[in-house]
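Engineer: Take a look at the following structure, please.
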Number of protein chains: 2
Amino acid sequence: MPKIVDHATRREEIAEALWRVVRRDGIRAASVRTVAAEAGWSAGAVRYYFPDQEGLLSFAMDLVSRRVTDRIAAIEATGSLPAIVLRYLDEVLPLDAERRAEFDIWLAFLAQAQAESGAGALHDHVDSVHGQLRDLCASLVKGLADAGLLKPGLDQAREVELLHAVLDGLALHAAIQPERTTPDRVRELMRRHLDSVIAADS
Amino acid sequence: MPKIVDHATRREEIAEALWRVVRRDGIRAASVRTVAAEAGWSAGAVRYYFPDQEGLLSFAMDLVSRRVTDRIAAIEATGSLPAIVLRYLDEVLPLDAERRAEFDIWLAFLAQAQAESGAGALHDHVDSVHGQLRDLCASLVKGLADAGLLKPGLDQAREVELLHAVLDGLALHAAIQPERTTPDRVRELMRRHLDSVIAADS
């Protein structure tokens, strides 16, 4: 009887092993070999799904996108609009070990794409993840504008890009110096930025 | 007669060759071998100064720090204070090919440090460059506060960190999508952030 292989389940198992390696030893330690060892598989079995480290890294990046999307979908839109906006932003900031692992993957992925001059699959992938976060910022700014909470005189498109820049800047700083740029500090700075965007009498 | 070797000049020559390689082919292409080829030296001669790629990358990072420091020192503090502040920020944003090469080196350096879990020489170096930029932001915010230009009610320490985050976020976006986050757009967004910090009647 031929072995029945559930490819989706196998990929999930690899994903989980990969995640444990990245959280414990950093993204640089994630190779076909170390992920196979972590999963208790042969390197050949992992290589069947991901022939090389770039494939593995792309898969890790997909995983990050999926996790972020799932968390965002699970947010309950209750309370004041600014509070809801802050809750969304919280989910994409590296404020706990899980989200720091996600951010480190993103940073490794980005650095690799930047290091390769010219276009390519890696660049397309970076554009797509970058666009995903900008889309989130766009819908949050639009939500504020539609509710009449955006400070008069502000340009909506510009505010989307500035919010996105603050988000990525804070994420970067939380990753570089977590003991200084603590989760509480990040939330405080995020709130200060939002205050500069939200109409004073709202 | 023994050969007289001017080590400082040799290091400068390696620096220039390294820079050309990074600008043309990206940081990933910079190895002892490629830099030696670019300089017209043997790999052994380069290795005498930089035994491995990490040493070369550290040297490149020092070079970036030095270039930024030199440019900042050369800024003439004429015109209105907000205009001067913008001129300083301009010098640390990747708005031309030279400064994009600098930023790519920083990103590669940072990703490598993040990928290595725990402390180490790379981490110390990242902390130092990160601190250098924060110090610049601190002196700009202090300059605004001392001139009475900081919006009342704003906390100076918080504004330093937020300015630093905006700066790094915009730099990241200019590097990721230079065709979208153009130099003009970056300056416009930077100015919009400064407007949220500067007292309305100044």
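Engineer: Go through B:A174, B:A138, B:A199, B:A165 for me and flag whichever is of a type in the set (A, V, I, L, M, F, W, C), more than 27 Å from B:A60 (Cβ to Cβ) and either touching a strand residue (DSSP E or B) at 6+ places or on another chain (Cβ under 8 Å) or modelled with pLDDT of 90 or more (or both). Steps first, please.
Structural biologist: Numbers: B:A174 fails: more than 27 Å from B:A60 (Cβ to Cβ); B:A138 fails: more than 27 Å from B:A60 (Cβ to Cβ); B:A165 fails: more than 27 Å from B:A60 (Cβ to Cβ).
Exactly one residue qualifies, and that residue is B:A199.
Engineer: Does B:L167 satisfy being under 17 Å from B:E102 (Cα atoms) and crowded, with 18+ Cβ neighbours inside 10 Å? Give the derivation first.
Structural biologist: Working: under 17 Å from B:E102 (Cα atoms): yes; crowded, with 18+ Cβ neighbours inside 10 Å: yes.
Considered against the rule, which asks whether it is under 17 Å from B:E102 (Cα atoms) and crowded, with 18+ Cβ neighbours inside 10 Å, B:L167 comes out as yes.
Engineer: Please go through segment A:17-68 and give me each residue that is touching a residue at least 60 places away in the same chain (Cβ under 8 Å) and not aromatic (F, W, Y), ordered by number. Show your work before the answer.
Structural biologist: Narrowing segment A:17-68 to residues touching a residue at least 60 places away in the same chain (Cβ under 8 Å): A:19, A:22-23, A:26-28, A:54, A:58, A:61, A:64-65, A:68.
Within segment A:17-68, A:V22, A:R23, A:G26, A:I27, A:R28, A:E54, A:S58, A:M61, A:V64, A:S65, A:V68 meet the criteria.
Engineer: Taking segment A:74-114, which residues are surrounded by fewer than 22 Cβ atoms within 10 Å (Cβ to Cβ), away from every other protein chain (no Cβ under 14 Å) and part of a helix (DSSP H, G or I)?
Structural biologist: A:L81, A:P82, A:A83, A:I84, A:L86, A:R87, A:Y88, A:D90, A:E91, A:E98
Engineer: Filter segment A:26-73 for residues that are assigned to a helix (DSSP H, G or I) and at positive phi and give the result. Give the derivation first.
Structural biologist: To start, the set of residues in segment A:26-73 that are assigned to a helix (DSSP H, G or I) comprises A:27-29, A:32-39, A:43-49, A:53-73.
Within segment A:26-73, none qualify.
Engineer: Does B:L154 meet the test of being under 30 Å from A:A101 (Cα atoms) and within 11 Å of chain A (Cβ to nearest Cβ)? Give the derivation first.
Structural biologist: Values: under 30 Å from A:A101 (Cα atoms): no; within 11 Å of chain A (Cβ to nearest Cβ): yes.
Criteria not met by B:L154.
Engineer: Name every residue in segment B:70-83 that is free of Cβ contacts under 8 Å to residues at least 40 places away in the same chain and not basic (K, R), in order of residue number. Quick ask: steps written out before the conclusion?
Structural biologist: Going residue by residue through segment B:70-83, those that are free of Cβ contacts under 8 Å to residues at least 40 places away in the same chain are B:70-71, B:73-80, B:83.
Result: B:D70, B:A73, B:A74, B:I75, B:E76, B:A77, B:T78, B:G79, B:S80, B:A83.
Residue by residue, here is whether (1) under 28 Å from B:A108 (Cα atoms); (2) surrounded by 13 or more Cβ atoms within 10 Å (Cβ to Cβ); (3) at pLDDT 85 or above; (4) away from chain B (no Cβ under 14 Å) holds:
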{"residue": "A:A17", "(1), (2), (3), (4)": "yes, yes, yes, yes"}
{"residue": "A:R23", "(1), (2), (3), (4)": "yes, yes, no, no"}
{"residue": "A:T34", "(1), (2), (3), (4)": "yes, yes, yes, no"}
{"residue": "A:A39", "(1), (2), (3), (4)": "no, yes, yes, yes"}
{"residue": "A:V46", "(1), (2), (3), (4)": "yes, yes, yes, yes"}
{"residue": "A:F59", "(1), (2), (3), (4)": "yes, yes, no, yes"}
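Engineer: Does B:V166 meet the test of being at the interface with another protein chain (Cβ under 8 Å from one of its Cβ atoms), over 26 Å from A:E161 (Cα atoms), without any contact (Cβ under 8 Å) to a residue 40 or more places away in the chain and touching a helix residue (DSSP H, G or I) at 6+ places or on another chain (Cβ under 7 Å)? Explain how you work it out, then say what you get.
Structural biologist: On the way: at the interface with another protein chain (Cβ under 8 Å from one of its Cβ atoms): yes; over 26 Å from A:E161 (Cα atoms): no; without any contact (Cβ under 8 Å) to a residue 40 or more places away in the chain: yes; touching a helix residue (DSSP H, G or I) at 6+ places or on another chain (Cβ under 7 Å): yes.
Criteria not met by B:V166.
Engineer: Right, here's the next one. Does B:R192 qualify as being basic (K, R) and within 8 Å of chain A (Cβ to nearest Cβ)? I'd like the intermediate steps shown before the answer.
Structural biologist: Values: basic (K, R): yes; within 8 Å of chain A (Cβ to nearest Cβ): yes.
Answer is yes for this residue.
Engineer: Which numbered condition trips up B:E159, out of (1) touching an Asp or Glu at 6+ places or on another chain (Cβ under 7 Å); (2) not in a loop (DSSP other than H, G, I, E, B)?
Structural biologist: Of everything listed in (1) touching an Asp or Glu at 6+ places or on another chain (Cβ under 7 Å); (2) not in a loop (DSSP other than H, G, I, E, B), B:E159 misses just condition (1).
Engineer: Continuing with the same structure: From the list A:P94, A:P183, A:P152, A:P178, pick out the single residue that is farther than 20 Å from B:L172 by Cβ and within 20 Å of the chain's Cα centre (by Cα).
Structural biologist: Working: A:P94 fails: farther than 20 Å from B:L172 by Cβ; A:P152 fails: within 20 Å of the chain's Cα centre (by Cα); A:P178 fails: farther than 20 Å from B:L172 by Cβ.
Among A:P94, A:P183, A:P152, A:P178, only A:P183 is farther than 20 Å from B:L172 by Cβ and within 20 Å of the chain's Cα centre (by Cα).
Engineer: Just one of A:D127, A:D184 is facing chain B (nearest Cβ under 10 Å) and free of Cβ contacts under 8 Å to residues at least 24 places away in the same chain; which is it? Walk me through how you get there before you give the answer.
Structural biologist: Numbers: A:D184 fails: facing chain B (nearest Cβ under 10 Å).
Just a single option satisfies the conditions, and that option is A:D127.
Engineer: Further question on the same structure: Is it the case that A:L140 is assigned to a helix (DSSP H, G or I), hydrophobic (A, V, I, L, M, F, W, C) and more than 10 Å from chain B (Cβ to nearest Cβ)?
Structural biologist: Numbers: assigned to a helix (DSSP H, G or I): yes; hydrophobic (A, V, I, L, M, F, W, C): yes; more than 10 Å from chain B (Cβ to nearest Cβ): yes.
Against the criterion (assigned to a helix (DSSP H, G or I), hydrophobic (A, V, I, L, M, F, W, C) and more than 10 Å from chain B (Cβ to nearest Cβ)), A:L140 qualifies.
The values are calculated or read from the model by the stated rules, or taken from the named source; none is laboratory data. On a predicted model such as this, the values are computed, not experimentally measured, just so you know. Positions of Cβ are backbone-derived with ideal geometry, glycine not excepted, and every protein chain shown enters the neighbour counts.
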